[in-house]
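Every number in this text was worked out from the coordinates using simple rules, so none of it is lab data. This structure is a prediction, so every number in the text was calculated from the model and none was measured. Note that we place each Cβ from the backbone using ideal geometry, even for glycine, and neighbour counts take in every protein chain shown.
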Amino acid sequence: MQKDSLRELYLDELRDLYNAETQLVKALPKMAKAASNDQLREAFEDHLRQTSEHVSRLEQIFDQLDEKPSGKKCLGMEGLVKEGSETMGEDYTEAVMDAAIIGAAQRVEHYEVAGYGTVRALAELLGENDHISLLEQTLEEEKQADEKLTELAQKIAPQAVGGSESVPPSTAGRSASKTKTKRVA
């Protein structure tokens, strides 16, 4: 049966986000465990608490709609989580692993920002005013999590460059001030 209403799309997108968030509740503790940097580990632990709140907000929206949150698997998040798991299985040094985990986490945050931006716009079009503030709160938290990861990347990535195995031979004799680093974000 063809779906032809914006409300059905809204529900579909909300279910997708709900499943994405529940997948993250399982993935974030693994990311925290794989992180060697204390600030990064704490950021993942803090975001786990926030993600649980995101799940609760979505459940509140589903209750208001008198709908069930289950029934859809978020294949996008499943792929991002799988990529993150594969990254954590690599044999990187600690600083390089932290940089890699940050990259995986930022891909997740960007995916969530896009998803919450979409459902927030749909809620507005549908006149779901009670939902808008809940969705905006989560959207802002996702943006803040991404910004925090960028800040951490700017601190951690230079440490990864500083490891002897990652300095190209052509720059090995230069001082640290002359060696350029690439930004990870």
### Query
Expressed in nm to one decimal, what extension gain is obtained for the pair S85 and S36 from 0.36 nm per residue of sequence separation less their Cα-Cα distance?
16.1 nm
### Query
So which of K26/K82; K26/K73; K72/K148; K82/K155 end up more than 20 Å apart by C-alpha?
K72/K148; K82/K155
### Query
Net charge near K68, counting Lys/Arg +1 and Asp/Glu -1 over other residues with Cβ under 13 Å of its Cβ?
-3
## Note on the structure
For the pair E136 and A121, the simple spin-label estimate (label points 7 Å beyond Cα toward Cβ) gives in nm 1.7
### Summary
For the stretch 22-132, whose charge dipole is built from +1 on Lys and Arg Cβ atoms and -1 on Asp and Glu Cβ atoms, the candidate among S70, H47, L122 with its Cα farthest towards the positive end is S70
## Note on the structure
Honestly the stretch 6-161 on the Cα gyration tensor test (a ≥ b ≥ c root eigenvalues; a/c under 1.5 rounded, otherwise a/b vs b/c for prolate or oblate) is just prolate
### Query
How far is it, in nm, from the label point at D66 to the one at A114 when both lie 7 Å from their Cα along the line to the Cβ?
3.5
### the stretch 6-161 - charge dipole about Cα centre, Lys and Arg +1 at Cβ, Asp and Glu -1, debye rounded to 20
360
## Note on the structure
For the T150, E8 Cβ pair and Förster radius 45 Å, calculated FRET efficiency rounded to 0.05 is 0.80
